[in-house]
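Visitor: Below is a structure I'd like to ask you about.
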Amino acid sequence: MISLASFSQTKNVLCLGAHCDDIEIGAGGTILKLIAAHPHLKFHWVVFGGKEPARETETRTAAGKFLAGSAGHTVDIQKYADSFFQYSGESIKKYFLEIRNAFDADVVLTHHGDDRHQDHRLINEFTWNTFRNHQILEYEIPKWDGDLSRPTIYSPLEREIMQKKVDLLMELFGSQRSKAWFSPDTFQAVMRLRGLECNAPSGFAEAFHTRKLIIG
């Protein structure tokens, strides 16, 4: 495989998540990798479903841990009710416009458009019709629906980065540890599969989808 993407000229990364652990699960390893390689990056971290105080606290702590070492970051947590985003669509769309005007993003990390969770799909839809001149990378999240598909972009991870991501997820999201799917095995398995697919030297990777990619 030939490497085409570089973040050396990127300044600002916008991370969008429907729920309080989505960004970390979908792109946590890549974010850790990017900050280690490009400490000049600045991040704006937005979570829409932060209605529960305990979950909001987890998210703010996790964002601080994952973004440590970056040139700067802001964390924005909204109070929309999980699983009911479509009924607040007008309000969420208006907030997307506020985000676009407040943060000059070069790259946007968001949910995969074919994700079966209705909140995830809505965030993806608003991402694409709000950020029309940006590089958008869609991350994936394992779940009951079995909606993992064929990605188009791979981010190889060193074993240490993979393990740090898993350790942080298990340490910081205590409210989720009782769920059968929220386990080190789950997260490692997805990254091992993606590492196999892109022949990552460490054997681990995260994967993303994109509709458009400019070579230049």
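Visitor: Check the stretch 193-200 and report whether any residue there is in a helix (DSSP H, G or I), among the charged types (D, E, K, R) and within 24 Å of V107 (Cβ to Cβ). First the steps, then the outcome.
Guide: Start the filter on the stretch 193-200 by keeping residues that are in a helix (DSSP H, G or I), which leaves 193-197.
Retained after the next criterion (residues that are among the charged types (D, E, K, R)): 194, 197.
Then drop every residue that is not within 24 Å of V107 (Cβ to Cβ), which leaves 194, 197.
Yes, there is a match, as at least one residue in the stretch 193-200 is in a helix (DSSP H, G or I), among the charged types (D, E, K, R) and within 24 Å of V107 (Cβ to Cβ).
Visitor: Next question. Look through G26, G50 and report the one residue that is surrounded by 15 or more Cβ atoms within 10 Å (Cβ to Cβ), touching a Lys or Arg at 6+ places or on another chain (Cβ under 9 Å) and either modelled with pLDDT under 95 or of a type in the set (G, A, S) (or both). I'd like the intermediate steps shown before the answer.
Guide: On the way: G26 fails: touching a Lys or Arg at 6+ places or on another chain (Cβ under 9 Å).
Result of the check over G26, G50: G50.
Visitor: Residues being within 17 Å of C20 (Cα to Cα), open to solvent by 90 Å² or more (accessible area, probe 1.4 Å) and in a loop (DSSP other than H, G, I, E, B): count how many of those fall in the stretch 153-178.
Guide: Looking only at the stretch 153-178, we keep the residues that are within 17 Å of C20 (Cα to Cα), and these are 165-178.
Now drop any that are not open to solvent by 90 Å² or more (accessible area, probe 1.4 Å), which leaves 171, 177-178.
Then keep just the ones that are in a loop (DSSP other than H, G, I, E, B); that gives 177-178.
Final tally of qualifying residues: 2.
Visitor: Would you be able to tell me the number of residues in the stretch 179-202 that are under 23 Å from F7 (Cβ atoms), open to solvent by less than 90 Å² (accessible area, probe 1.4 Å) and over 19 Å from the mean Cα position of the chain (by Cα)?
Guide: Qualifying residue count, the stretch 179-202: 4.
Visitor: Taking the condition of being open to solvent by 10 Å² or more (accessible area, probe 1.4 Å), free of Cβ contacts under 8 Å to residues at least 40 places away in the same chain and not in a helix (DSSP H, G or I), how many residues in the stretch 115-133 meet it? First the steps, then the outcome.
Guide: Taking the stretch 115-133 first, the residues open to solvent by 10 Å² or more (accessible area, probe 1.4 Å) are 116-118, 121-122, 125-126, 128-129, 132-133.
From what is left, the residues that are free of Cβ contacts under 8 Å to residues at least 40 places away in the same chain are 116, 118, 121, 125-126, 129, 132-133.
This time we only want the ones that are not in a helix (DSSP H, G or I), so: 116, 132-133.
Number satisfying all stated conditions: 3.
Visitor: Any residue at all in the stretch 137-145 that is at pLDDT 95 or above, closer than 19 Å to F66 by Cα, surrounded by 15 or more Cβ atoms within 10 Å (Cβ to Cβ) and out of contact with any His (no Cβ under 8 Å at 6 or more places or on another chain)?
Guide: no
Visitor: Something else now. From the residues in the stretch 71-108 that are in a helix (DSSP H, G or I) and aliphatic (A, V, I, L, M), which one is most open to solvent (accessible area, probe 1.4 Å)? It would help to see each step written out before you state the result.
Guide: Quick first cut of the stretch 71-108, residues in a helix (DSSP H, G or I) only: 85-102.
With the extra rule that they be aliphatic (A, V, I, L, M), the set shrinks to 92, 97, 99, 102.
Details: I92: 0, L97: 60, I99: 6, A102: 88 Å².
Ranking the qualifying residues of the stretch 71-108, first place goes to A102.
Visitor: OK, next. Output yes when any residue across the stretch 36-56 is without any contact (Cβ under 8 Å) to a residue 40 or more places away in the chain, touching a strand residue (DSSP E or B) at 6+ places or on another chain (Cβ under 8 Å) and part of a helix (DSSP H, G or I), and no when none is.
Guide: yes
The values are calculated or read from the model by the stated rules, or taken from the named source; none is laboratory data. From a predicted model like this one, the values you see are computed outputs, not experimental measurements. Positions of Cβ are backbone-derived with ideal geometry, glycine not excepted, and every protein chain shown enters the neighbour counts. SASA here: full protein model, heavy atoms, side chains in, ligands and nucleic acids out. Shrake-Rupley method; radii C 1.70, N 1.55, O 1.52, S 1.80 Å.
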